[in-house]
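In what follows, a structure is listed as structure tokens, so that the remarks can point back to it.
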Amino acid sequence: MRYFAKIWILALVFLASCQPGNKTEKASEEESEVSFDLDAITKRGKLKVVTDYNSTNYFIYKGRPMGYQLELLNEFCNNLGIKLEVSVSNDVADNIKDLKTGRVDLIAQNLTVTRERSKVIQFTEPHTFARQILVQRKEKKREKSKKSHLFNDLIRNQLDLAGKTIYVQKGSSHVTRLMHLSDEIGDSINIVEIPDYEAEQLIGLVAEGEISYTICDENLAKVNKNYYDNIDIETAISFPQKIAWGVRRNSPDLLHVINNWIIRFRKSAKYNIIYKKYFLNRRSTHIVDSGFNSLKGGLVSQYDDIIKKESESIDWDWRLIAALIYQESRFLPEIKSWAGAQGLMQLMPETAKLFGVEDVNSPEQNIRGGIKFIKWLDSRWALRIDDPEERTKFILASYNVGLGHVLDAMRLAEKNGKNPLIWEDNVDYYLLNKSKPMYFNDPVVQFGYCRGDEPYNYVTEILERYEHYKNLMD
């Protein structure tokens, strides 16, 4: 395995050498920059953000989307009263390009504030501070004259980096820092930029002995020290630097709102809890090492194989079924609701019986019965809604609250001049408000009162979780 890893690294180095030099800022300057500020974002009702995928910023653990950046983004969007749309990319140059062309509104990564990047993007107030750290491997060797094991010589003086080969993420601020350091020590440092490898992956290669050195931010280094006990992170190559988000240069209102929020939030107890959770809590090691982590085992749950198999019968993405099951039971097969629903997909006794489920606590039977129920709902909604994406939203709502209440909401939408075949901002509004007398007493309503916030949130949360699963799970 180590041989093949080395071949892969060599291939990446060759590909990197075939590319033009690091032109992150120049390439970005050539892109036309759209004008799309806070008013337009608020009107759209959604903030489009790109972040990176690693064990601290964004990942999935036991079906739950987690991460330092994700939690900060959720807090900010909740404060602003808009939805969050997250995409994933570890390529800083691509992210700057997407920011300028309007595909995203915000780069929410641990961006080191540099003068070069400030020419093409605006940095927010820093959400944290960190030094850049040399990551090297501690190897034990036996001296002939002694029985004890001693660590090999570790670099402690930056002057000793002369002539060394250091692997870093392509386009990262670590490249610039090493170039400056090379000038400062008056000697050459061999900098190898690796495309498609994020800092955390390079740390893993150091630990495995595939490469000798890499660079990362200090907070990330401390986290990975919990995972790899054979790495050394004691040698800093920079002073503490600002770590921030990036916005377009022509989005001053968005920048102003983010800055005000960061300044306030950084002083809050909630921020301290979030920061400690991801960067200072040694118990986080078991999360990353778990098989139910998108970084390692790649499982949403222990029932993934059953979900994949059964979802084929309705041609639904298994990750959407998994998102529904998480919403229903958090993947606990013996859970029972106050209303009597049981199992992973929370089947009511009459529903379980109708679809042939003899043991509701059996994961396989429960999932098969739940998917048969979804298939039955799909056959009913297919008579009314042709668009499969729209139909999915109606099916999810019906799974939660029943077919009748959703049909009532459709009739209310049509009566009030909205589109009864569109969920968002049309039918969902009337289902949400079906607890109000002016709606549940309307003559077109046949199924009466409904606590509409539950199915409304049910659909929203499942679809949001599904987007996270699509981002991070194959």
(request) Give the order of T214, T101 when sorted by the count of other beta carbons within 10 angstrom, beginning with the fewest. (result) T101, T214
(request) Let me know the charge dipole size of the chain about its Cα centre in debye, to the nearest 20, where only the beta-carbon of Lys, Arg (+1) and Asp, Glu (-1) is charged. (result) 1340
(request) Over region 223-380, calculate the relative contact order: mean separation of alpha carbon pairs under 8 Å at least 6 apart, over the residue count, as a percent. (result) 12
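By the scheme Lys and Arg +1, Asp and Glu -1, what is the net charge of all other residues having a beta-carbon under 13 Å from that of L84?
Taking every Cβ under 13 Å from that of L84, the sum is -2.
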(request) Report the calculated FRET efficiency for I314 and K46 (r = Cβ-Cβ distance, R0 = 45 Å), to the nearest 0.05. (result) 0.95
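Local charge sum around R131 (other residues, Cβ-Cβ under 9 Å, Lys/Arg +1, Asp/Glu -1)?
The answer is -2.
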(message) Just to be sure I understand: if I project the alpha-carbon convex hull of the chain onto a plane and average over all orientations, what area do I get in nm²?
(response) 28.1
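Per 0.36 nm of contour for each residue apart, how much would the distance between R264 and F239 grow if the chain were fully extended, relative to their Cα-Cα spacing?
My answer for the length gained is 6.5 nm.
For region 134-235, count all C-alpha to C-alpha pairs, find those more than 24 Å apart, and express that count as a whole percent of the total.
23
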(request) May I ask you to compute the full-extension gain from V34 to K83, defined as 0.36 nm times their residue separation minus their alpha-carbon distance, rounded to one decimal in nm? (result) 15.5 nm
(request) Using label points projected 7 Å from each Cα along Cα→Cβ, tell me how many nm separate R64 and D160, to one decimal. (result) 4.3
(request) With label points built 7 Å along Cα→Cβ from the Cα atoms of E358 and T101, find their separation and express it in nm. (result) 5.7
(request) Mind scanning K62/K434; K48/K225; K393/K436 and naming the pairs with a C-alpha gap bigger than 24 Å? (result) K62/K434; K48/K225
(request) Would you mind computing, in nm to one decimal, how far apart the modelled labels at K436 and K138 are, each placed 7 Å from Cα along Cα→Cβ? (result) 6.4
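R380 to H256: extension gain in nm, 0.36 nm per residue of separation minus the Cα-Cα distance?
Full extension of this stretch gives 39.7 nm more.
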(request) Between beta-carbons, use under 15 Å as the cut-off and find the net charge around Y271, counting Lys and Arg +1, Asp and Glu -1. (result) +3
(request) Take the Cβ-Cβ distance between Y228 and F129 as r, set R0 to 30 Å, and report the resulting FRET efficiency rounded to the nearest 0.05. (result) 0.80
(request) Give me Y456, Y227 ranked fewest to most by other Cβ atoms within 10 Å of their Cβ, as a rough exposure proxy. (result) Y227, Y456
(message) Projecting each Cα onto the charge dipole of region 304-472 (Lys/Arg +1, Asp/Glu -1 at the beta carbon, about the Cα centre), which of V445, A322, Q365 comes out farthest on the positive side?
(response) V445
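Using r as the Cβ-Cβ distance of I185 and E208, and R0 as 22 Å, what FRET efficiency do you calculate, to the nearest 0.05?
0.20
Computed from the coordinates by the stated procedures, all read-outs in this text should not be read as laboratory data. Remember, predicted model here, so these are calculated numbers, not experimental data. Glycine also receives a Cβ, built like all others from the backbone with ideal geometry; neighbour counts cover every protein chain displayed.
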